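Take a look at the structure below.
The values are calculated or read from the model by the stated rules, or taken from the named source; none is laboratory data. Predicted model only: the values in this text are computed from it and were never measured. We place every Cβ from the backbone using ideal geometry, glycine too, and count neighbours over all the protein chains shown.
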Amino acid sequence: MATADNGLPSSGTRQRHTGGIVAPRLSPCCCRLLLALGGCLAAALPAWAQLPAGFDLDMLRERGIDPQIAEYFKDAARFRPGINIVTLFVNGQMRGRVDARFDDKGELCFDKNLLNKGGLKTPEKTLPAGGPAPASAAAAAAGQCYDFKDAYPQTGIELRPGKEEVALVVPTDAMRPNESDFSGFTTGGTAALVNYDIVTSRSQFGSSSSNFLSANLEYGFNTRDWIVRGRTMYARQDQSSQRQHLYAYAQHTLVDYKSIFQGGQINILNTAFAAGPITGLQIVPETALSSSSLNNVMVEGIAQTQARVEVRQNNALIYSTVVPSGPFALTDLPLLNGTSDLDVTVTEANGSQRRFTVPAASLHGGNLGMQRGYSFALGKLRSLGNSTGRQPWVATAGGGWPLGKNSTLSAGLMGATGYQAASWGADTRIGDNNLSVQQRLSRAPREGEHGTQFTLASSSILAANTSLGLSTTQQTLGYRDLSDTTIDQRSELAEQLLLAPGQTPTTQYARYRGQYTASLSWSNTLLGGFNISYSRSTQFYGQSTQRVMASWGRSFDTVSVNLNIEHQMGGTGALTGAANTFYLTVSIPLGKRSVRTYVNNSSGYQRLGASYNEQLNDYVNYTVAAERNQQTKDSDLSTQVSMLPRYAQVNLGYARYGSGSTAYNGGLRGAMVLHQGGLTLSPYAVQDTFGILQVGDVSGVKVSTPYGPVWTDWKGQAVVSQLPPYASTRLEIATKSLPRNVDIKNGLKLLDPGRGSVSHIDFDVLKVRRILLNTKSPDGQPLPKGAFVLDADNQFVTTVVDDGQVFLLNGAPTGPLRVTLPDEKNCVLQYSLPSAPDPNMFYETADAVCRPDMHAQPKGIPHAPV
């Protein structure tokens, strides 16, 4: 059959339509077109002589389509009037999905929503309003159409209804400057939240046992782009416990100034000084509105058994977790600042401990300078942990300025009661090499000391497969950080130095003289990838510690081999650790399963082991491992189960070491969010910018987010725990998780949230009832193919297809269905259906008998409930 460009039948063919297409095979575009056409059937018909040429008007009438539709589509393909969800392109760049409005002539409306999404300037002239009056002045302003073509006559508009796309070509002076306008991002929203991370373990060796519990709670709320947060850490080891209140603050982004304001119990950010936590306020650059990005911090090590790892900074416990035996790497640590060392403690299953320090110089990865922009902080120093030091008032200010295209200069000042400091730094890029230098100068009148600290760091790409990183920090004997003037550390030093009874440690000689780090990475297609890192710390009294980490990995078809080596040298007392450790693993992936064997050697004690891991589904992952100690001939067994029961994360573990030691551990983490729609649980910790999505009232629908899948609860709601501020985020529904009787208008959403906003995302769903009727005449013969099916208002519904089948896409109508037979006779379908549809069935089937009109039920009495 010949058709016009817009899909309607042309007048070039007069062939009578004798067949139909089964409704389930209709494309979404066709379904939308039929719905749009059906909405026009009730319109008044003009005289047939006035209708445009080019369409087969008789065929339109036979199909139940108002011939007035031909007038609408005679010039070009158009969107139906009203709101259509389309993908917007501006000058060839995709700007995401937007609710675009079209008038009754199919012309695009340049309203505020479209202009913001496209990054276009707002013209002064508006177009006359049409349609029903808006509910409020705000709605009127948002829905007002601007005369964009008049303001920018060169604008080109291409409508692509078949692809649900709109492409605009606009002059460059119609574009908003990206660096100064952020009005297109989502703002507002209110919600309260609690993030929880609970870890517990019990170890029993011989007749003694040890219990440990830690709970990390973060709580707060978002409202009008303000972020309020507080965090508390609780830890209990046997009979002793400790509770640490880490912070409580309010935060707001000053978009026009590309800055963040914080007030309350905060940690000073964007400063070159190790200032510690304060109670006060600060203003720092908003990194999400600039090209700069934060650096990832990683703590690496090797656990001999299933071990607990604790990370402290400024004597405060900031992170605690349980890791399996073997190499581990901790990332995304909640640092208090970027200028203080990290103290890491690894507690093995038998109670033994190893400690090591991650130097502050390695936390930045060769980017020591401050972010571009200005920062300021003022407040009173506060103590964390068991510290009893003095708490002076502190003020600090700093700034960062670009020097050319590839360099940045930074400087800062700090003043406190009995302490002053200044700093300067520079970052530069030369080809593939990054170089950072920073110097700090301090003056401590109470101690009668002054000195300087100098840090140099670089990272280089030596070749396409080789990179090198170096850093060093040197300080004079008289240099002091602020914490050195407020905390008495002599008792701790006495333990570390193993001084004789009666000796008093000299604080100044127990200070670091120098810290050095180096890392080298190299990869080769044949030999695999190599990485080695080295750190060394020296103190003025002569003590030094050194640590070397090396790794190698290579994949051989379906087998992967990895070797990790740790060598720790020097140190006495509390700094003593394992001298040599290596861990060799061989992994064999088997789809959702994997097998791993390993050899672990620690200070001459060798262990052989194997483990099996399987991802059962989206919710359950488990690991079973067995190990044998070659010296004691003891065998160890362990198992770990990780579960994601949709609304929380659960970890359970058991280990048995030899014949007398056992260990249990468990973890529970997630979040609870209270919002205008009620209380919703999240399996992931909620960050400062997040969202609440709604999929009708359908539960169990899986939605993919950038940070992991989520599932709707019994109210059809789920939490999008993290959205990157001032950037686009993609959310997509897994359509296979939808019930069979649910259709979705658009399973993809693109969000552009501002920091602190709570986005509310609605996925429009339609519950449909698809019915397949096996129709027959009273004598048992299938109704003829091509017969028309009309509703009680004599409107076209569908046609009879092969074997007398009739497919009803939107359930059974409330009135009778009449079939027009080829011999010009009519009959009425009689059938019965259950009161409620089965959500697991794509369509229902029922037998129907078509009886002459004289036997039909009176009009208005439904044949079957919908």
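Data table
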quantity: Selection count where residues are surrounded by fewer than 16 Cβ atoms within 10 Å (Cβ to Cβ) and either over 25 Å from residue 755 (Cα atoms) or of a type in the set (Ser, Thr, Tyr) (or both), scope the range 214-233; calculated: 2
quantity: Boolean, residue 240 is surrounded by fewer than 18 Cβ atoms within 10 Å (Cβ to Cβ), within 30 Å of residue 655 (Cβ to Cβ), free of Cβ contacts under 8 Å to residues at least 12 places away in the same chain and of a type in the set (S, T, N, Q); calculated: yes
quantity: Considering residues of the range 93-103 that are out of contact with any helix residue (DSSP H, G or I) (no Cβ under 8 Å at 6 or more places or on another chain) and modelled with pLDDT of 80 or more only, the residue surrounded by the fewest Cβ atoms within 10 Å (Cβ to Cβ); calculated: 103
quantity: Every residue from the range 531-562 that is surrounded by 14 or more Cβ atoms within 10 Å (Cβ to Cβ) and part of a loop (DSSP other than H, G, I, E, B); calculated: 540, 541, 543
quantity: Boolean, residue 696 is in contact with a strand residue (DSSP E or B) (Cβ under 9 Å, 6 or more places away or on another chain), at pLDDT 90 or above and either among the charged types (D, E, K, R) or surrounded by fewer than 20 Cβ atoms within 10 Å (Cβ to Cβ) (or both); calculated: no
quantity: Residue ID - surrounded by the fewest Cβ atoms within 10 Å (Cβ to Cβ), chosen from residues in the range 249-263 that are modelled with pLDDT under 95 and over 28 Å from residue 455 (Cβ atoms); calculated: 256
quantity: Conditions (1) at pLDDT below 85; (2) among the β-branched types (Val, Ile, Thr); (3) under 20 Å from residue 146 (Cα atoms); number of the one not met by residue 69; calculated: (3)
quantity: Elements of type strands (runs of 3 or more DSSP E) contained in the range 587-703, each with 2 or more residues being touching a residue at least 60 places away in the same chain (Cβ under 8 Å), within 30 Å of residue 728 (Cα to Cα) and touching a Ser or Thr at 6+ places or on another chain (Cβ under 7 Å); calculated: 661-675, 690-694
quantity: Any chance residue 755 is more than 30 Å from residue 227 (Cα to Cα) and modelled with pLDDT of 80 or more; calculated: no
quantity: Tabulated pairs, the range 146-164, first within 21 Å of residue 124 (Cβ to Cβ), second of a type in the set (Gly, Ala, Ser), C-beta under 9 angstrom, 6+ apart or interchain; calculated: 148/174; 151/174; 152/174; 154/174; 155/174; 157/167
quantity: Residues that are touching a residue at least 40 places away in the same chain (Cβ under 8 Å), loosely packed, with under 15 Cβ neighbours inside 10 Å and assigned to a strand (DSSP E or B), drawn from the range 195-209; calculated: 202
quantity: Tally, over the range 314-329, of residues that are on the phi < 0 side of the Ramachandran plot and either at pLDDT 80 or above or small (Gly, Ala, Ser) (or both); calculated: 6
quantity: Test: residue 106 is at pLDDT below 85, over 36 Å from the mean Cα position of the chain (by Cα), farther than 26 Å from residue 725 by Cα and surrounded by 11 or more Cβ atoms within 10 Å (Cβ to Cβ); calculated: yes
quantity: Where a residue in the range 838-866 is within 15 Å of residue 791 (Cβ to Cβ) and its partner, wherever it lies, is modelled with pLDDT of 85 or more and of a type in the set (S, T, N, Q), with Cβ under 7 Å and at least six apart; calculated: 848/774; 848/775; 848/830; 850/775; 850/777; 853/826; 863/830; 864/832
quantity: Scope the range 732-786; condition small (Gly, Ala, Ser) and at negative phi; matching residues; calculated: 734, 737, 747, 754, 757, 759, 777
quantity: The lone exception for residue 166 - which of (1) within 26 Å of residue 746 (Cα to Cα); (2) modelled with pLDDT under 85 it fails; calculated: (2)
quantity: Unmet criterion (only one of (1) over 29 Å from the mean Cα position of the chain (by Cα); (2) buried (at least 18 other Cβ atoms within 10 Å of the Cβ); (3) over 27 Å from residue 550 (Cβ atoms); (4) modelled with pLDDT of 85 or more) for residue 384; calculated: (4)
quantity: The range 730-766, subset of a type in the set (Val, Ile, Thr) and surrounded by fewer than 21 Cβ atoms within 10 Å (Cβ to Cβ), residue farthest from residue 838 (Cα to Cα); calculated: 761
quantity: Matching residues, the range 432-483, being acidic (Asp, Glu) and either outside any strand (DSSP E or B) or under 17 Å from residue 514 (Cβ atoms) (or both); calculated: 432, 447, 481
quantity: Residue within the range 648-655 that is at pLDDT below 90 and under 19 Å from residue 201 (Cα atoms) present; calculated: yes
quantity: Filter result (modelled with pLDDT of 70 or more, among the hydroxyl-bearing types (Ser, Thr, Tyr) and more than 29 Å from residue 729 (Cα to Cα)) within the range 109-143; calculated: 126
quantity: Residue 719 vs. criteria modelled with pLDDT of 95 or more and not acidic (Asp, Glu); calculated: yes
quantity: Residues (closer than 14 Å to residue 739 by Cα and outside any loop (DSSP other than H, G, I, E, B)) located in the range 704-722; calculated: 711
quantity: Of all residues making up the range 745-778, the number that are in contact (Cβ under 8 Å) with a residue 40 or more places away in the chain, closer than 30 Å to residue 802 by Cβ and aliphatic (A, V, I, L, M); calculated: 4
